[in-house]
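Report on the structure given below.
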Amino acid sequence: MLVSLFIALALEPAVNKLVARGRGRRSSTGLLLLGLVVILFTFVGAVGTIVGQQMADVLSNSEQYVNDTVKILNDTFGSQIDAASVNERISDPKGPVQKFIDSQQDKAFNLSVQALGALFQMFTVLLFSYYLVADGPKLRRSICSRLRPDKQRQVLNAWELAITKTGGYLYSRALLAVISSFFHWIAFQAIGIPAPIAMALWVGFVSQFLPVIGTYIAGVLPLVLTFVESPVKALVVVGFIAVYQQLENYLFAPKVTARTLELHPALAFGGALVGGAVLGPVGAILALPAVAMGQALTSSWGTRHEVIDDPLTYLQAAKPPRAKRGSRKKPSA
């Protein structure tokens, strides 16, 4: 229900715009949810296919990859690793690598059952989300019918603020994810890493919807896939991701989030920790709109007063822009 509530709050503005253009509320809700499912399955399928192909390639050509990696280590660090002995230990049926592979095969059935359970939960969440959005006006009328008129206005204002801030924050994150994916696709295509489009989408969306550490988690997958082929390209990938993150922080993000709610990094990180502890990875992602909504409701609550002058409340004034050379006005005669 909690996940469905946040999905409903995020979809409400888009549904209201479609309804204002003459479409039915139920059909508009179903169309948006269907689009969300298609995007999600396309994203997961593309990334999963690429990872599976790379793993199969590594397993089928493990000897060559080991030889190349050992050569790089020996040339770089002056070590004396024997590639033949490493390959022999990997192919040994009683060795640790083969034992690990055999142990993972036993977990295939349990993984399939968990995947089916997650799929059932997802459709349950989408069903609740559909009714929360499609029957939103009826639900709000039912709640307001038990309250005094002044209380009704407070509830509706809080609800509208939650819809605006939650939807606005998620839409701004989605826009930043699209921008990030576009620039990473250009860079990955130029570098020549495997599946540049899928890797760009992975980096773009994971880096935006996981606070603080999302960029580092997102960069691991393209780094590993590229390192298998060329360690030099892997270093270039790391360098580009780091440079783009700085450009986004100082150039793209302030403009995109100017009309939405910008979260303080400490609030985002703390909320993700709490959400992850309560609901796991899903809770870490939902913590962002939850904290955004809470910050918006808190900022709009109560009466604000003028702050007294005190050293503890002093804010340093911004430095005035420096005058360009040769731009000083000549004194008048």
Paired Rg and Dmax values of the chain, which use every Cα atom, in angstrom: 26.3, 96
Pairwise label distance in nanometres, residue 151 with residue 111, each label 7 Å out on the Cα-Cβ vector: 5.3
Using a Förster distance of 22 Å, the FRET efficiency for residue 229-residue 84 (Cβ separation, nearest 0.05): 0.50
Contour excess over end-to-end distance, with Cα ends at residue 62 and residue 124 and 0.36 nm allotted per residue: 18.1 nm
Filter on 17/165; 71/99; 233/255; 99/233 - keep pairs with C-alpha separation over 22 Å: 71/99; 233/255; 99/233
Sum of side-chain charges, residue 69 neighbourhood, beta-carbon under 12 Å (Lys, Arg +1; Asp, Glu -1): -3
Two-decimal log10 I(q)/I(0) for the stretch 1-62, as the Debye equation yields it once each C-alpha is a single scatterer, q = 0.13 Å⁻¹: -0.53
Max mean-square fluctuation residue, GNM over the chain, Cα-Cα springs under 10 Å, options 49, 298, 226: 298
Relative contact order (percent, whole number), the stretch 1-146, Cα cutoff 8 Å, 6+ residue spacing: 39
Inter-label distance for residue 312 and residue 42, nm, one decimal - labels placed 7 Å from Cα along Cα-to-Cβ: 5.4
At R0 = 35 Å, FRET efficiency that the Cβ-Cβ distance of residue 175 and residue 72 yields, to 0.05: 0.30
Net +/- balance of residues flanking residue 155 in space, Cβ distance below 12 Å, scoring K and R +1, D and E -1: +4
Extent along principal axes [Cα atoms of the stretch 150-300; Å; largest to smallest]: 66, 32, 22
GNM top mover of 225, 267, 312 - the chain, alpha-carbon springs below 10 Å: 312
Alpha-carbon centroids, the stretch 1-29 and the stretch 140-194: separation in whole Å: 12
Percentage relative contact order, the stretch 150-300, counting C-alpha pairs under 8 Å, at least six apart: 27
Volume in Å³ per residue [convex hull over Cα atoms, computed for the stretch 29-81]: 80
Relative exposure of 202, 185, judged by other C-beta atoms within 10 Å (fewest first): 185, 202
GNM result for the chain, Cα springs below 10 Å: residue of 88, 229, 160 fluctuating most strongly: 88
Taking all pairs of distinct alpha-carbon atoms in the stretch 14-171, Kirkwood radius in angstrom: 21.6
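Bear in mind that the values in this text are calculations on the coordinates, not laboratory data. If you're wondering where the values come from, they're calculated on a predicted model, not measured in any experiment. Neighbour counts run over all protein chains shown; Cβ positions are idealised from the backbone, glycine included.
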